[in-house]
Structure formats: structure tokens, C-alpha cells
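Read through the structure below, which is laid out as C-alpha cells, and then see the notes.
Nothing in this text is a laboratory measurement; each read-out follows from the coordinates by a stated rule. Since this is a predicted model, take the numbers as computed values, not measurements. Neighbour counts run over all protein chains shown; Cβ positions are idealised from the backbone, glycine included.
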Amino acid sequence: MTEHEVVIAGGGPTGLMLAGELALAGVDVAVVERRATQDLPGSRAGGLHARTIEVLDQRGIADRFLAEGQVAQVAGFASVRLDISDFPTRHPYGLGLWQNHIERILAGWVGELGVPIQYDVEVIGFTQDETGVDVALSDGRSLRAGFLVGCDGGRSLIRKAAAIEFPGWEATTSSLIAQVEMADEPELGIRRDASGTHALGKVEYEIRDGEVAYQKGGVVGVMLTEKSVGATGEPTLGDLRERLIAVYGTDYGIHSPTWISRFTDATRQAAAYRKGRVLLAGDAAHIHSPVGGQGLNTGVQDAVNLGWKLAQVVHGSAPERLLDSYHAERHPVAARVLRTTMAQVALMRVDDRTEALRESVSELLSMDEPRKRFAAMMSGLDIHYDLGEGHPLLGRRMPDLDLVTADGTLRVFNLLHGGRPVLLNLAEPGPLGTTPWADRVRAIDANYPGAWELPALGTVPAPAAVLIRPDGYVAWVGDRAQLGLADALTTWFGPPTKA
Ligand SMILES: Cc1cc2nc3c(=O)[nH]c(=O)nc-3n(C[C@H](O)[C@H](O)[C@H](O)COP(=O)(O)OP(=O)(O)OC[C@H]3O[C@@H](n4cnc5c(N)ncnc54)[C@H](O)[C@@H]3O)c2cc1C
């Protein structure tokens with residue numbers, strides 16, 4: 001039986017990101033993916049929000065995505081666009097890039113890090129004991145792993161086999177989604193009628209002056225709200241044609257579909273993200289309507305929260321209870337995503353009263369303070385892990401400042417490329433007492449003369465020192481007194497090494 005420290009079920013965006021994080025930390029990890037190749041039929045997610053671009057930047061790979069996508073103001077709430085160009089981040093925008101490209105680029109990175117991805121094979125079950133998990137595969141083999149992570153999507157077999165509850169709300173809307181060709185030039189853009197919102201757009205597009213520009217011909221992306229919820233079975237070209245005629249009065253000569261699927265606004269979240277040696281991340285842990293474009297982003301950020309913690313537990317440098325902070329931190333983040341997507345689905349209903357409500361919300365969001373708050377939320381820049389009372393930076397993302405150091409100017413995010421924690425001493429140069437953690441935590445004397453500004457919160461007092469976790473969140477803020485530093489180091493990076 002082949003052994004790995006960690007086996008990941010599912011090589012979608014979440015599984016790939018987690019594989020990269022674990023490999024960076026020196027963990028022996030393998031991915032098992034049901035698909036025969038990384039190719040993804042259809043488009044699914046349309047891009048990345050600012051915080052996801054930041055976490056990729058923390059690993060030095062954001063440029064790979066930026067080079068292939070379209071930078072644009074993509075954050076929005078119930079179709080009200082929220083501009084973040086004035087936000088204090090190096091990436092005050094989102095990125096239009098289809099999920100198949102996101103996965104291809106992530107898989108390239110994971111490949112460079114030497115992670116084996118076993119395609120064309122499924123996890124069909126597992127049993128766990130005190131020391132590990134036996135993972136059964138569809139080709140008759142089994143793998144032995146210290147931990148198994150279910151990144152296997154909304155219908156997660158791992159979640160079901162672990163008997164983890166998935167409570168939530170049934171679907172209230174259902175939509176057909178497809179990529180097709182059309183003999184006639186369709187009416188592009190969004191259309192609303194009594195049955196809901198529908199959209200036709202070209203899969204290939206450019207953004208010019210903030211507006212989407214399409215070329216003639218080419219593959220058309222179709223999204224049609226269905227008449228009712230609860231259809232079973234795979235949707236067909238006939239279903240698409242029928243719905244197109246009902247909504248647009250014509251089928252535009254639809255032909256040659258390359259992908260036809262269905263999504264709903266079913267909203268559910270795993271009651272526990274961990275059961276013993278089995279963990280869940282991404283859609284396996286939370287599903288919701290695609291409105292607002294949060295799913296892939298939340299999954300990638302789950303992976304970045306989990307990776308360094310799991311690596312330390314695997315290496316034995318931190319106790320297993322560190323893994324409980326994964327649920328404690330990420331469950332509330334996705335719970336909020338579920339609430340805001342449900343709110344958006346409600347606001348996008350098409351009756352006159354909802355229309356009036358949407359106009360009121362839109363007016364509110366045009367005011368600066370609400371815009372900033374909602375934009376920070378939708379772009380993931382306001383995530384705040386509850387690490388207790390203290391400086392506003394505590395539990396929030398560390399800004400990517402240009403630090404002045406003895407070796408010249410250094411970006412904070414460059415310090416995180418290796419996925420290791422960093423203690424920044426921003427006061428008088430000198431040791432801050434990290435010596436017993438020197439094998440794990442990099443300590444740097446630096447100076448930052450500028451203002452400290454956080455999205456939506458504005459300017460915050462300059463700290464004298466910050467302890468930054470590998471996921472880019474601030475674990476401790478201090479002064480020269482170093483109160484609480486040893487505790488924070490022990491909590492997040494394990495007990496001190498004895499001299
Ligand atoms: C129409 C639509 C639009 C969307 N738009 C956006 C958007 O703009 N922004 C955004 O952030 N999100 C968006 N999403 C959501 C996004 O697509 C998902 O949240 C994202 O794909 C989740 O990634 P994941 O890796 O967790 O799961 P998945 O992408 O579902 O990946 C799971 C992987 O596991 C594999 N697998 C499943 N079972 C097994 C098994 N037993 N063994 C081995 N492998 C297995 C699957 O083949 C798959 O590759 C959209 C979704 C839809 C449907």
C-alpha cells in the first residue's frame with residue numbers, strides 16, 4: 001500500500017491550492033482526481049477577487065494569473081458594481097479569468113512543486129484509525145495517509161462517508177448554464193423577466209475602458225433561469241432550446257453545445273470541517289449560489305488557512321488541536337458568504353417590490369461608507385479571524401508594505417513566498433525573543449515610514465512589531481515589551497525548541 005503524509009481527494013481549485021501549500025511546507029502529499037485530465041468542460045467560475053490575488057501574490061504566483069486574465073472592477077453585490085480602485089492594496093481590482101485557466105495555472109505550480117496528481121481515479125471510501133486513514137480507490141488500490149482532505153466538491157463523498165452533517169437551505173431557483181454555438185447573433189447581456197435573470201455572453205471577451213467587449217461569432221455562454229426548481233437528470237440541448245424560445249422568442253439557431261449543466265441556489269455548510277484525521281475544504285464544506293463569485297475564492301482561501309497548520313501537525317512541530325482553529329476560523333467566513341449570497345439571491349428576484357428594494361440597496365451602496373464595507377467583504381479583504389481583543393491588525397490580513405531593511409526595500413508578501421511565518425520588528429533593531437523558534441520563524445528588523453491603512457477600516461496605529469502567519473494573517477501585534485509573544489508563537493507554531 002502506498003503511503004503519503006496527506007492525501008487530497010479532488011484536484012479542483014481548492015485541492016490544487018492545498019497541495020501547493022503542503023508541498024511548499026515539505027509535506028509528502030498526493031492528489032487523487034476523478035477527471036482524466038485537468039481540463040474542465042465549461043466555464044464555471046469567472047475569476048478572482050482581490051484577496052485571492054493577494055494570497056497568490058504571497059506565494060509569488062499572482063503574476064501568472066494576472067498575465068492571462070483581465071483586470072477589472074468585478075466586486076459587486078446583487079448586481080450593484082462596487083469599485084475598489086481606492087482600496088489600500090497592491091491589487092485594488094479583481095481578475096476576469098475562467099476557472100479552467102485558473103486550474104491549469106495552479107496545476108502547473110503544483111507540478112513544479114513535485115506533487116503527484118493521480119488522474120482518472122476516484123476515492124470510493126476510507127476508514128480511519130488512531131494513526132491514519134486507509135483511502136480506497138476506484139481502481140482497486142488503496143493509499144495510506146496520515147490525513148485525508150476532502151476537496152471533492154459540493155457532492156463530497158468524503159463528507160458523506162465521514163457522516164458530517166450538511167445543513168442549510170433547499171434551492172429556490174434553478175438555472176441552465178451552457179456553452180454553445182449560435183447560427184444567429186444573439187442579444188448579449190442580461191435580461192430579466194417574470195421568471196428570473198437570464199444572460200448571454202461570449203466566452204472570449206476583452207475589457208476595454210471597464211466595459212466588456214465581445215467579438216462577432218464564437219462560443220456563446222448561456223445562462224437561463226428555469227421555470228421551476230427540482231428538475232432531475234442531466235439537462236439537454238432540447239431543454240436549452242425550449243427555454244431560449246420561452247425567454248427570447250427564438251433559439252438563435254443554437255447548436256454544437258460543448259457543455260450543458262445546471263446550478264441552483266441550494267445553500268449548505270458542513271457542520272464540522274474536521275472529523276479526526278479527515279478534513280473538508282472548498283465546495284465540499286460549503287455550497288451556495290454563484291452570485292457574487294465567492295465559491296472558488298473561499299475554497300482557495302480555505303486551503304491557504306489549512307495548509308500550514310496541517311503541515312505543522314504532520315511534521316509534529318505543533319499539536320493536533322491546531323487543526324481545530326481551521327474550523328474555528330473558516331466556518332464563520334463561509335457562513336457569512338452563505339448569508340450574503342442568500343441576500344443577493346433574494347434581491348435579484350424580479351417582482352416589483354424586490355426591484356424597489358434593490359434600487360434602495362443600490363442607492364445605499366453608492367454612499368462611500370457602505371460601498372467600502374460591502375466591497376471589502378465581497379473582495380475578501382475584510383476577513384477578520386477572532387484572535388481576541390487588541391490592535392486592529394490582529395487576525396486581519398497583513399498589508400503588502402514596502403519595508404525598508406538593512407538589505408534594501410522588501411515587500412512583505414515576498415517574505416511569505418516560502419510559506420513560513422515572519423516576525424517583523426518595526427521598532428529599534430534587535431532580537432525580540434524568537435530564538436527558541438528560530439528554526440520555524442524568520443525574524444526581520446524593518447522600518448515602514450508610511451501610514452498603516454486597512455480596507456474599510458482606514459488608518460490604524462503603526463505597530464512596533466507584528467507576527468505574520470504563513471497565510472498572511474497577523475497573529476500578534478506588539479511593542480518592545482513583547483507581552484504575549486511567546487504565547488502566540490507557541491499557539492501557532494508549537495512549543496519552543498529546547499536549547
Ligand atoms: C455557474 C457557476 C459560476 C461560478 N462562478 C464563480 C465565480 O465567479 N467565482 C467563484 O469564486 N466561484 C464561482 N463558482 C463556484 C466555483 O466553481 C466553485 O466554488 C469551485 O469550483 C470550488 O472548487 P473546489 O475545488 O472546492 O471544488 P470543485 O471545483 O467541485 O472540484 C472538486 C474536484 O474533485 C473531483 N472529485 C469529486 N469527487 C471525487 C472523488 N470521489 N475522488 C476524486 N476526485 C473527486 C472533481 O472531479 C473535481 O475536480 C461558480 C460556480 C458555477 C456553477
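Percentage of Cα-Cα pair distances in region 249-367 greater than 25 Å, rounded to whole percent?
I get 46 percent for the Cα pairs in region 249-367 exceeding 25 Å.
Taking each pair of different alpha-carbon atoms in region 19-89 once, compute 1/r for the pair, average those values, and report the inverse of that mean as the Kirkwood hydrodynamic radius in Å to one decimal.
Here the Kirkwood hydrodynamic radius works out to 15.2 Å.
Can you find, among 485, 24, 36, the residue sitting farthest towards the positive end of the charge dipole of the chain, where Lys and Arg contribute +1 and Asp and Glu -1 at Cβ?
It is 485, whose Cα lies furthest towards the positive end.
Give me the one-decimal Kirkwood hydrodynamic radius in Å for region 267-330, with the sum taken over alpha-carbon pairs.
After inverting the mean inverse Cα-Cα distance, the result is 12.3 Å.
Starting from 0 in steps of 10 Å, tell me what percent of the Cα-Cα pairs of region 297-434 lands in each bin.
With 10 Å bins starting at 0, P(r) equals 9, 27, 31, 20, 10, 3, 0.
List the lysines whose Cα lies under 25 Å from the Cα of residue 160, skipping any in the same chain that are fewer than 8 positions away.
275, 309
Quick one: plug the Kirkwood hydrodynamic radius of region 368-499 (C-alpha pairs) into Stokes-Einstein at 37 °C, 0.692 mPa s, and report D in µm²/s.
214 µm²/s
Only sites in a loop by DSSP and with at most 11 other Cβ atoms within 10 Å count here; which trypsin sites (Lys or Arg not before Pro) in region 427-499 make the cut?
498
For the chain, what does the relative contact order come out to in percent, with C-alpha contacts under 8 Å and a separation of six or more?
17 percent
Helix 99-112 sits at what angle to the longest principal axis of the chain, using alpha carbons and giving 0 to 90 degrees rounded to 10?
Approximately 30 degrees, to the nearest ten.
Taking the chain as the reference, fit the longest principal axis to its C-alpha atoms, fit the long axis of helix 295-315 to the helix C-alpha atoms, and give the angle between the two in degrees, 0 to 90, nearest 10.
For 295-315 against the chain, the angle is about 30 degrees.
Using a simple charge model, +1 on the beta-carbon of Lys and Arg, -1 on the beta-carbon of Asp and Glu, nothing else, what dipole does region 145-271 show about its Cα centre, in debye to the nearest 20?
So the dipole magnitude of region 145-271 works out to roughly 420 debye.
Rounding to the nearest 10 and keeping the result within 0 to 90°, find how far the Cα-based axis of helix 324-347 lies from the longest principal axis of the chain.
That works out to roughly 30 degrees.
Report, to one decimal in Å, the Kirkwood hydrodynamic radius for region 142-202 based on all distinct Cα pairs.
The answer is 16.4 Å.
Pick out, from 257, 332, 316, the residue whose Cα sits farthest towards the positive end of the charge dipole of region 178-332, with +1 on the Cβ of Lys and Arg and -1 on the Cβ of Asp and Glu.
316
Determine the relative contact order of region 61-168: mean sequence separation of Cα pairs under 8 Å and six or more apart, normalised by residue count, in whole percent.
14 percent
Could you please state, rounded to a whole Å, how far the C-alpha centre of region 61-127 is from the C-alpha centre of region 437-464?
After rounding, the separation between the Cα centres reads 27 Å.
Per residue, how big is the convex hull of region 198-255 when only Cα atoms are used? Give it in Å³.
Spread over its residues, the Cα hull of region 198-255 gives 109 Å³ apiece.
Figure the gain on full extension for residue 138 and residue 498 (residue separation times 0.36 nm, minus the Cα-Cα span) and round it to one decimal in nm.
125.0 nm
In region 39-125, if every C-alpha pair distance is counted and binned at 5 Å from zero, what percent goes to each bin?
3, 13, 20, 21, 17, 12, 7, 5, 2, 0
Mind checking the dipole of region 56-214: about its Cα centre, +1 per Lys or Arg Cβ, -1 per Asp or Glu Cβ, Debye to the nearest 20?
The dipole of region 56-214 has a size of about 320 debye.
Quick one: what does P(r) look like for region 111-156 with 5 Å bins over all Cα pairs, in whole %?
5, 17, 26, 26, 18, 7, 1
Can you pull the semi-axes for the chain, root of five times each eigenvalue of the Cα gyration tensor, sorted largest first, whole Å?
39, 28, 20
Using only alpha carbon pairs under 8 Å that are at least six residues apart, calculate the relative contact order of region 343-499 and give it in whole percent.
Relative contact order here is 20 percent.
In debye to the nearest 20, how big a dipole does the chain give about its Cα centre with +1 on each Lys and Arg Cβ and -1 on each Asp and Glu Cβ?
The dipole magnitude comes to about 660 debye.
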